[in-house]
1. Which residues, taken from region 153-173, are of a type outside the set (Asp, Glu), modelled with pLDDT of 95 or more and either assigned by TED's automatic domain parsing to the domain that holds residue 103 or closer than 21 Å to residue 205 by Cα (or both)?
2. Do we have residue 150 as closer than 30 Å to residue 222 by Cβ and either surrounded by 15 or more Cβ atoms within 10 Å (Cβ to Cβ) or not assigned by TED's automatic domain parsing to the domain that holds residue 225 (or both) here?
3. Kindly establish whether residue 273 is of a type in the set (A, V, I, L, M, F, W, C) and either assigned by TED's automatic domain parsing to the domain that holds residue 188 or crowded, with 21+ Cβ neighbours inside 10 Å (or both).
4. Kindly list, by first and then second residue, each pair from a residue in region 232-246 that is assigned to a strand (DSSP E or B) to a residue that is surrounded by fewer than 15 Cβ atoms within 10 Å (Cβ to Cβ) and of a type in the set (Val, Ile, Thr), limited to pairs with Cβ atoms under 8 Å and residues at least 6 apart or on different chains.
5. Can you find, within region 181-204, the residue that is surrounded by the most Cβ atoms within 10 Å (Cβ to Cβ) among those that are of a type in the set (Gly, Ala, Ser) and over 13 Å from the mean Cα position of the chain (by Cα)?
6. Tell me which residues, restricted to region 288-325, are over 20 Å from residue 351 (Cβ atoms), in a loop (DSSP other than H, G, I, E, B) and in contact (Cβ under 8 Å) with a residue 40 or more places away in the chain.
7. Got at least one residue in region 40-58 being outside any loop (DSSP other than H, G, I, E, B), free of Cβ contacts under 8 Å to residues at least 60 places away in the same chain and of a type in the set (A, V, I, L, M)?
8. Does residue 113 satisfy the condition of being among the aromatic types (Phe, Trp, Tyr), in a strand (DSSP E or B), closer than 30 Å to residue 188 by Cα and modelled with pLDDT of 90 or more?
Amino acid sequence: MWKKWLSQLFIAVLLIGFIPPMSASAAGGITLYTPYTGISVTPGESLSYDIEVTNDSSDVQRLQLSVDDLPEGWSYQLSSNSKSINELAVAPNGTQNFTIDLEVPLQIEKGNYQFDVVAESDNGTTTTLPITVNIAEEGTFQTDLSVEQPNMEGDANATFTYSLELSNRTAEEQTYALSAKVPEGWQSTFKADGNNVTSVTVDSRGSQTVEVEINPAENVKKGTYEIPITAQSGQTNSEVVLESVITGTYSLNLTTSDGRLSGDIKAGDETTLDLVVENNGTSDLSNISLSSDAPSKWEVEFSESQIDELKAGASTNVKATVKASDQAIAGDYAMTLTASAQETSSEAQFRMSVKTSMLWGWIGVLLILGVAASLFFLIRKYGRR
């Protein structure tokens with residue numbers, strides 16, 4: 001009886017020895033290993049995993065490699081020794097390494113994401129390495145166009161220059177077309193790195209400083225004007241609204257009461273010019289100074305060398321006394337009179353004709369007659385000898 005029992009026990013032990021283990025890696029002799037099975041990253045970041053493959057069997061293992069259950073929008077590439085692969089052969093009792101490069105999208109929610117690295121052998125045995133990636137913050141897929149100083153103020157002749165910051169918050173390089181919706185008659189110019197541009201290219205997660213110059217129309221009215229600026233790519237766009245405040249136009253005109261800008265004067269004499277200073281702009285002007293640029297040794301004095309205030313559309317009269325040099329010879333002389341405020345100025349070019357005094361003319365005639373009389377006397381007295 002006990003012999004029969006020992007015989008059955010011996011058979012049972014033999015059967016147990018032939019039952020294979022249930023582990024997939026043991027079944028195929030393949031093990032996948034990486035020390036970093038749980039990594040925390042930010043949206044748009046790139047990941048790289050070095051995977052070690054161990055073949056514990058006595059046969060060469062040809063493996064089909066893949067990444068399964070990868071989240072939507074993610075991408076990967078397999079490589080070994082800088083070459084793209086999808087299959088790998090591992091010698092008996094040997095090891096091989098390959099790399100998985102992952103691209104995490106920018107537009108992604110915060111949380112944990114899982115996928116599997118899979119190696120399938122020729123005999124159908126599959127080995128799986130689960131990996132978890134933690135996204136530490138909420139991700140975006142967008143473009144940001146911002147400006148530090150969106151509001152500027154100036155006169156109608158001013159050039160408004162705004163500094164914009166264009167940020168590409170996508171996972172790809174973007175080329176943005178730049179546009180400005182300006183009022184009729186206005187002009188806009190975009191500049192990047194000192195050059196005039198109509199578009200700029202920005203790297204993924206990069207930024208570019210862009211300047212936009214705005215020039216108002218010639219006859220623009222006083223007021224506040226909004227100017228939308230757009231950066232548009234094929235996938236995303238952004239807009240910012242600039243504000244240009246026109247305080248008015250500044251325009252001075254210096255002329256004379258009769259419109260004449262020429263006159264006659266005798267050497268050493270004085271003449272008076274009746275000047276008119278006109279404010280043709282839409283804004284008041286203050287502290288208007290009058291100055292002259294006259295020939296050497298000429299003098300110009302104004303009855304009012306400074307006008308404290310001149311309302312828009314108003315005018316005022318000023319007298320300018322011009323004294324020619326007593327050494328001036330006959331001819332035409334140029335003289336410039338200027339009315340200038342901080343915002344604008346006006347010049348008037350005068351042509352002054354110097355006439356020789358009649359006294360000197362008569363003196364000349366008398367000198368000529370005296371010389372002629374002297375010659376006549378000498379001829380009569382000594383001519384017969």
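The values are calculated or read from the model by the stated rules, or taken from the named source; none is laboratory data. For clarity, every value in this text was computed on a predicted model and none was experimentally measured. Here the Cβ positions follow ideal geometry from the backbone for every residue, glycine too, while neighbour counts run over all protein chains shown.
1. Within region 153-173, 163, 164, 166, 167 qualify.
2. Against the criterion (closer than 30 Å to residue 222 by Cβ and either surrounded by 15 or more Cβ atoms within 10 Å (Cβ to Cβ) or not assigned by TED's automatic domain parsing to the domain that holds residue 225 (or both)), residue 150 qualifies.
3. It is true that residue 273 is of a type in the set (A, V, I, L, M, F, W, C) and either assigned by TED's automatic domain parsing to the domain that holds residue 188 or crowded, with 21+ Cβ neighbours inside 10 Å (or both).
4. Going by the 8 Å Cβ cut-off, the qualifying pairs are 243/224; 244/224; 245/224; 246/224.
5. If we take residues in region 181-204 being of a type in the set (Gly, Ala, Ser) and over 13 Å from the mean Cα position of the chain (by Cα), then 204 is surrounded by the most Cβ atoms within 10 Å (Cβ to Cβ).
6. Hit for region 288-325 is 312, nothing else.
7. no
8. no
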